[in-house]
1. Could you do me a favour and compute the accessible area per residue for the stretch 1-60, 1.4 Å probe, result in Å²?
2. Tell me, what HN-Hα J-couplings in whole Hz come from the Karplus equation 6.51 cos²θ - 1.76 cosθ + 1.60 at θ = phi - 60° for each residue of the stretch 34-51, using x for Gly and Pro?
3. Could you work out the local net charge near Pro87, counting Lys and Arg as +1, Asp and Glu as -1, over the other residues with Cβ closer than 14 Å to its Cβ?
4. Compute, for Leu65, the solvent-accessible surface of its heavy atoms (probe 1.4 Å) with the complete set of protein chains present, and express it in square angstrom to the nearest 10.
5. Heavy atoms of the protein only, probe of 1.4 Å, neighbouring chains included. What is the accessible area of Glu22 in Å², nearest 10?
Amino acid sequence: MLNGGEEFALLLPDTEIDEALEIAERVRAAIAEISLPGTDVSVTASIGVAGFPGQASTLDRLERLADATLYLAKRQGRNRVELAEPPPPIRSPGPSPRPPPPPRPRTAPPRSPPRDVPSPCS
């Protein structure tokens with residue numbers, strides 16, 4: 001039987017991402033050690049880790065990114081820790097690309113001389 005849906009967040013101020021991953025793994029492992037006497041129920045945790053401000057620029061984005069990464073961990077097989085992807089690099093503003101050239105006006109194809117006109121070489 002699969003139940004779940006209980007979610008919580010750990011905020012780890014002044015903690016580097018590598019250390020946060022280690023803490024998350026220790027939490028996951030400790031939860032996996034839980035046994036419920038008289039049952040064969042296993043307890044597991046799927047954990048999403050995201051960093052501020054390195055991966056999210058606001059606390060709201062941090063929460064959404066960690067939540068999305070938690071669901072990635074669940075899709076990848078549960079009972080695991082996943083790290084959020086770093087944000088895409090910011091493009092430096094540069095000159096805007098040139099618009100495409102306007103279409104060329106269509107010209108009529110050259111006409112061939114009428115056929116009943118004698119050639120000057122004949």
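The values are calculated or read from the model by the stated rules, or taken from the named source; none is laboratory data. Keep in mind it's a predicted model, so treat the numbers as computed, not measured. Heads up, the Cβs are rebuilt from the backbone with ideal geometry, glycines too, and the neighbour counts pull from every protein chain shown. Side chains included, ligands, DNA and RNA excluded: accessible areas come from the protein's heavy atoms. Shrake-Rupley method; radii C 1.70, N 1.55, O 1.52, S 1.80 Å.
1. Per residue, the stretch 1-60 has an accessible area of 78 Å².
2. Computed from phi, the couplings for the stretch 34-51 are 5, 10, 10, x, x, 9, 10, 7, 9, 10, 9, 9, 10, 10, x, 10, 9, x Hz.
3. Numbers: positive: Arg61, Arg64, Arg91; negative: Glu85.
Counting the neighbours of Pro87, the net charge comes to +2.
4. Accessible area of Leu65: about 50 Å².
5. Roughly 110 Å² of Glu22 is accessible to a 1.4 Å probe.
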